[in-house]
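Scroll down for the structure; my scribbles are underneath it.
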Amino acid sequence: MAPVNETDMVLLPEGLQALKQVAKEVGVDLRGAYLNLDGGFDSRHNRKCIFNAGLIPNIPENPRNRKHPKRGRKRLFNAAIHALRMRVERTFAWEDKFKRLLLWNVGSTSPRNVCGRRWRWPVPGLCSPAI
């Protein structure tokens, strides 16, 4: 548990330690795995913490009101993996927002039943998937 008035950036180092502890207990090797975060976590300190934990930071660069790109070596960023993260987050957000659209069952004796139950969309006007 964390206080509400603390940002996620402050909680990242101890969160990484907790992640490493859980991975150790489960027996999962995290070395070389990508850690996807949004641009708000783009800082030298956070990237260093992630590298020291044996993970690869996948954080888009935060331009911070710059008109020209920052000089120096480009930061590590894999756009394809980050796009997958955004797709997953969008799916979870959709699921949270539209819980009433989730499938529900209605008892029926029709041959289109699955295990004695017929699946339908609860909202009128939406077509149910073909069974």
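The values are calculated or read from the model by the stated rules, or taken from the named source; none is laboratory data. Here the structure is a predicted model, which is why all the values come from computation and not from measurement. Note that each Cβ is placed from the backbone with ideal geometry, even for glycine, and that neighbours are counted across all protein chains shown.
Structure summary
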read-out: Flag for residue 119 being modelled with pLDDT under 65 and either surrounded by 10 or more Cβ atoms within 10 Å (Cβ to Cβ) or assigned to a loop (DSSP other than H, G, I, E, B) (or both); value: yes
read-out: Any hit, the range 36-57, residues being surrounded by 11 or more Cβ atoms within 10 Å (Cβ to Cβ), free of Cβ contacts under 8 Å to residues at least 12 places away in the same chain and among the aromatic types (Phe, Trp, Tyr); value: yes
